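First comes the structure, then the notes that go with it.
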Amino acid sequence: MRNPYERGLLLMPSLGSEGQGASIVLAGGPGTNLGRLPIYTLVGPTSGGVYTPQEIVDTNGNLISLGQLVPVYIDKDFIQADATIPATQTVMIAPEPLQLVSINCRFSHVGGSSAALSFAKDPTGTAPGGGTGLVTATIDLTGGTVAVNTNYPASLSGTVANLQFAAGDGFSLVFSGTLTGLTGLVVSARFERIRQTAY
């Protein structure tokens, strides 16, 4: 079985002795409550102080594979250039299968009439914004419902398949309305690598 560090897995050894029976804490993944994770136990040898487990069992004695462990997040930030009116555009291409888990934004000055922001998943060959919508409602950039300089989380689609990106899919910002006057826009999106099958 591969060294788990090759996949960027978050494995935190306990303060106990290294080797068989030592505990690790795992980062959570899609659908996992990070505040209530079980502790897993390594079963297997160590090499040079680095864990090279052959198997991992949970506190109930159930075997899990490294393919079930959940990797780290990928964060993408978009920052509006000063005095530049933003346009619908692709801001990231998924380097591997990913799932969108959150979008947050804020701006320092409102846009004009009906200014709004939405988000889309665009397969290769699709114009920015022409693919699958990712949110249930646009973000109001007029200041009518969102105050300036205030973090505003987008409401993501409840359809999981819509939020899952294949390698090569684009993540696009989709603007509408009159954007004149809009400044200081920052968008932060968080993605999680989709867990792979067992090695």
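We did not get these values from a lab; they are worked out from the coordinates using the rules stated. Owing to the predicted nature of the structure, the values given are computational and were not obtained by experimental measurement. With ideal geometry, Cβ positions are generated from the backbone for all residues, glycine too; neighbour counts draw on all protein chains shown.
Taking only C-alpha pairs under 8 Å that are 6+ residues apart, what is the relative contact order of region 73-193 in percent?
50 percent
By count of other Cβ within 10 Å, fewest leading, how are 77, 169, 82, 140 ordered? If you can, show how the numbers build up before the last one.
Details: 77 11, 169 22, 82 7, 140 17.
Placing the least packed residue first, the sequence is 82, 77, 140, 169.
May I ask you to work out the translational diffusion coefficient for region 73-193 at 10 °C, viscosity 1.306 mPa s, via Stokes-Einstein with Rh from the Kirkwood sum over Cα pairs, reported in whole µm²/s?
Estimated via Stokes-Einstein, D reaches 111 µm²/s.
Whose amide H sits under 5 Å from the amide H of residue 91, counting only residues 5 or more places off or on another chain, with H placed in the peptide plane?
171, 172, 173
In what order do 139, 93 fall by count of nearby beta-carbon atoms within 10 Å, going from fewest to most?
93, 139
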